[in-house]
Each structure stands twice: as C-alpha cells, then as structure tokens.
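The structure appears below as structure tokens.
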Amino acid sequence: MRTKIAAATLAGAMAGFAAPEAAAQGTLNLYCSVQVEWCQAIATNFQRDSGIRVNMTQRGSGETLAAIRAESQNPRADVWFGGTGDPHLAAAEENLSQAYESANNGELHAWALTQWRQSNQRAIGVYAGAVGFGFNTELLARKGIEPPRCWADLTQARFRGEIQMANPNSSGTAYVIIATLVQLMGEDPAFAFMRQMHPNVNSYTRSGTAPIKAVARGETGVSLSFVHDAVTERNAGFPVSYATPCEGTGYEIGSMSILRGARNLTQARRFYDWALTAPAQRLGFEAGGQLQQPSNRSAPLPPNAPDLSAIRLIEYDFARYGRAAERRRLIERWDREVGALPR
C-alpha cells in the first residue's frame with residue numbers, strides 16, 4: 001500500500017495553521033513504514049509542533065529500502081521512520097544513512113540503543129514487537145481446526161490452504177520471520193520447514209500487515225504476523241486471537257534513520273529528536289490503536305499490548321541478520337526454494 005500526503009493536503013487537514021510560518025521553518029521529506037494512520041499522525045503532529053512542512057510517503061520497509069538504494073545518488077527523502085530494524089541496519093552498512101546522536105538517547109530502553117550502536121549510530125529503535133500467529137477464532141472453530149501453538153504445527157495437514165505470510169522481497173516482517181526460523185532451527189532445517197509449510201500457505205502478500213487483516217476479514221484462518229497487529233484487530237472488534245510459538249520466537253526493533261545526502265538535515269534532526277519523545281511515541285496507539293512497545297521509557301505500554309517480557313524470545317542477532325549481504329542471500333534462497341514452488 002502506498003500513500004503520499006503532500007504538503008497541501010496536510011495543510012488543509014490542519015485548520016488554523018499559517019502556511020507562511022510552516023514555509024519559513026522549512027520542509028521535511030519523510031519515508032514512513034508503519035501503518036498509514038500512524039504515519040499520518042506523526043506527519044500532522046510534527047508539522048503542528050514544529051511549523052515544518054511534511055511530505056510523507058508510506059510503504060513497507062522492503063520497498064522503502066529498495067527505493068532508498070535506487071535514489072542513493074539523488075535522495076528524495078530526509079528521514080526513514082519505522083519498519084523492521086534489519087533493513088535499517090542494511091541501509092547503514094551500505095552507507096545509505098548517516099550517524100546522529102540525539103539529546104533524547106538517555107530516555108530510551110537499552111534495546112533501542114543497542115540498535116543505534118550496532119548501526120554505528122545510523123539507526124535507532126523506536127518500538128519493538130514479537131513475531132507470532134494471528135488466527136480467526138470463529139473461522140477455525142467453524143472448520144474444527146485447533147489453533148497453532150508451535151512452529152511445528154504449521155506444517156500439519158489441518159492447515160492446508162489456511163496460512164498467509166508476507167513476501168520477504170517487499171516485507172520486512174517476512175524477513176524477520178525467515179531470520180527467526182534460521183536462528184531457531186538452523187538454516188537448512190528452517191528452509192526445509194518452510195518448504196513443508198508451503199502447501200498450507202494460500203498467499204505470500206506484499207505487505208507485512210496484509211495477512212492479519214485477511215485473518216480479521218475471515219479470508220484466511222492463520223497469519224504469520226507481529227502479535228501486536230493481532231491485538232489491534234481484536235480491539236477493533238474482529239474475532240482475532242494470537243499465540244507466540246512454544247519453541248521461541250524472534251522480534252523486531254522498529255527503527256528510524258536519517259538518510260545520507262538529506263537535503264533538509266536540520267529539519268531531519270528536529271524530527272528525529274521529536275520522534276524519540278514520549279508524547280510522539282504515544283501517537284501509534286492514540287492515532288491507530290498500534291500496540292508496539294515504545295522505546296522511550298516514559299511512554300507507557302499501550303493497554304492490552306503484548307508484554308515482551310512474558311514471551312519466549314530468542315537472542316535475535318540483529319548485527320548479523322541486518323547485514324545487507326546476509327539479508328540478500330536469505331531472500332534469494334527463499335525465492336529459489338520456497339517462493340518458486342507451485343501451489
């Protein structure tokens with residue numbers, strides 16, 4: 001899904017704003033890889049708080065990384081906000097982003113600063129969320145299918161045609177799932193598992209959130225998703241529940257980067273500082289009901305949000321699996337051995 005909010009659209013949406021003042025403060029070109037409602041909220045609120053005009057483009061993290069690579073000689077954006085941390089680490093390694101130390105670093109959880117240090121100060125954590133299974137309780141009950149509780153369940157015949165996950169070529173969520181399985185099982189067993197699961201997958205979607213939305217609509221029984229997205233759908237009134245794998249699971253550190261060659265560097269740094277504050281980090285929940293754990297220690301965990309401390313998490317190796325070559329190698333192997341299989 002791709003949405004672009006031009007400055008004129010934002011100005012029209014915010015009554016009482018003075019266009020000359022906004023112009024006087026400059027412009028920020030923002031790539032945003034969280035849900036569109038959250039993207040709109042941060043663009044609107046930052047423009048209100050700073051007087052800086054915001055041009056925002058929303059799309060998945062895999063697509064955004066591809067765009068940043070293609071535009072490296074003539075960058076079109078100043079800041080990349082959100083999306084799984086692995087592509088941000090890849091961008092840092094490829095010198096597509098630049099180092100920055102915010103005065104607000106001291107307010108953040110340790111995992112957010114670990115991301116910052118591992119990227120040589122080029123990417124910082126803004127939220128975290130765990131991988132798991134979302135499922136439509138009514139649909140599975142009607143079909144007499146027991147919900148999955150473990151990774152091993154997903155290869156069983158009862159889930160034939162009932163599972164959706166995203167395509168790692170466009171989705172950072174899908175890449176985190178693949179990297180999680182590799183770290184949990186070992187690489188060859190992980191790819192054997194995905195080949196065994198393939199007959200049960202009815203679609204590899206473009207977007208990482210599409211599978212859980214399909215679960216909510218009753219179009220598929222099970223999704224491989226971040227579990228906070230399942231709670232978001234349940235809070236919206238859909239018959240959705242979730243489980244985290246009994247064997248253990250991986251997690252994302254949703255990140256933020258200032259892009260190398262940013263034309264509006266002063267405005268980019270102001271946005272970066274602002275986005276690390278507790279009020280800015282509450283916007284995901286307030287605007288779109290998003291339930292990731294914020295990286296600012298003063299930002300409360302949203303109501304009903306999954307508690308990462310209660311989930312069996314693997315020691316996810318962000319440094320290794322965020323490397324561009326490792327990411328490329330695993331995705332190419334998935335294309336050959338899983339994505340190319342007939343259905």
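The values are calculated or read from the model by the stated rules, or taken from the named source; none is laboratory data. Fair warning: this is a prediction, and the values are worked out from it, not measured in the lab. Don't worry about glycine lacking a Cβ; one is built from the backbone with ideal geometry, like all the others, and counts go over all protein chains shown. Ligands, DNA and RNA are excluded from the accessible area calculation, which covers all protein heavy atoms including side chains. Shrake-Rupley method; radii C 1.70, N 1.55, O 1.52, S 1.80 Å.
Key figures
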{"read-out": "Top-ranked residue in segment 69-79 [being more than 21 Å from R270 (Cα to Cα) and not charged (D, E, K, R); ranked as surrounded by the most Cβ atoms within 10 Å (Cβ to Cβ)]", "value": "S72"}
{"read-out": "Yes/no for S171 being surrounded by 24 or more Cβ atoms within 10 Å (Cβ to Cβ) and touching a strand residue (DSSP E or B) at 6+ places or on another chain (Cβ under 9 Å)", "value": "yes"}
{"read-out": "Count of residues meeting criterion [in a loop (DSSP other than H, G, I, E, B) and at pLDDT below 95] in segment 1-32", "value": "8"}
{"read-out": "Residue match in segment 80-91 (condition: over 26 Å from L308 (Cα atoms), polar (S, T, N, Q) and open to solvent by less than 10 Å² (accessible area, probe 1.4 Å))", "value": "no"}
{"read-out": "Members of segment 101-117 found to be of a type in the set (G, A, S), surrounded by 17 or more Cβ atoms within 10 Å (Cβ to Cβ) and either at pLDDT below 95 or more than 19 Å from the chain's Cα centre (by Cα) (or both), listed by number", "value": "S102"}
{"read-out": "Pair list, Cβ < 7 Å and 6+ apart or interchain, from segment 109-124 residues that are within 14 Å of R297 (Cβ to Cβ) to residues that are outside any helix (DSSP H, G or I) and open to solvent by 50 Å² or more (accessible area, probe 1.4 Å)", "value": "H109/R297"}
{"read-out": "Some residue of segment 82-94 being at pLDDT below 95, outside any helix (DSSP H, G or I) and not hydroxyl-bearing (S, T, Y)", "value": "yes"}
{"read-out": "Segment 198-229, subset of a type in the set (G, A, S) and modelled with pLDDT under 95, residue surrounded by the most Cβ atoms within 10 Å (Cβ to Cβ)", "value": "G208"}
{"read-out": "Test: residue in segment 259-268 that is closer than 20 Å to E37 by Cβ and under 19 Å from the mean Cα position of the chain (by Cα)", "value": "no"}
{"read-out": "Qualifying residue in segment 273-287 (condition: at pLDDT below 95, within 21 Å of V131 (Cα to Cα) and open to solvent by 20 Å² or more (accessible area, probe 1.4 Å))", "value": "yes"}
{"read-out": "Residue match in segment 230-251 (condition: among the acidic types (D, E), touching a helix residue (DSSP H, G or I) at 6+ places or on another chain (Cβ under 8 Å) and touching a residue at least 24 places away in the same chain (Cβ under 8 Å))", "value": "yes"}
{"read-out": "Odd one out for I258, checked against (1) in a helix (DSSP H, G or I); (2) within 27 Å of A123 (Cα to Cα)", "value": "(1)"}
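Here is a yes/no grid of residues against (1) part of a helix (DSSP H, G or I); (2) under 23 Å from T249 (Cβ atoms):
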site: F271; (1), (2): yes, no
site: W274; (1), (2): yes, no
site: P279; (1), (2): yes, no
site: E286; (1), (2): yes, no
site: Q290; (1), (2): no, yes
site: S298; (1), (2): no, no
site: P302; (1), (2): no, yes
site: A305; (1), (2): no, yes
site: S309; (1), (2): yes, yes
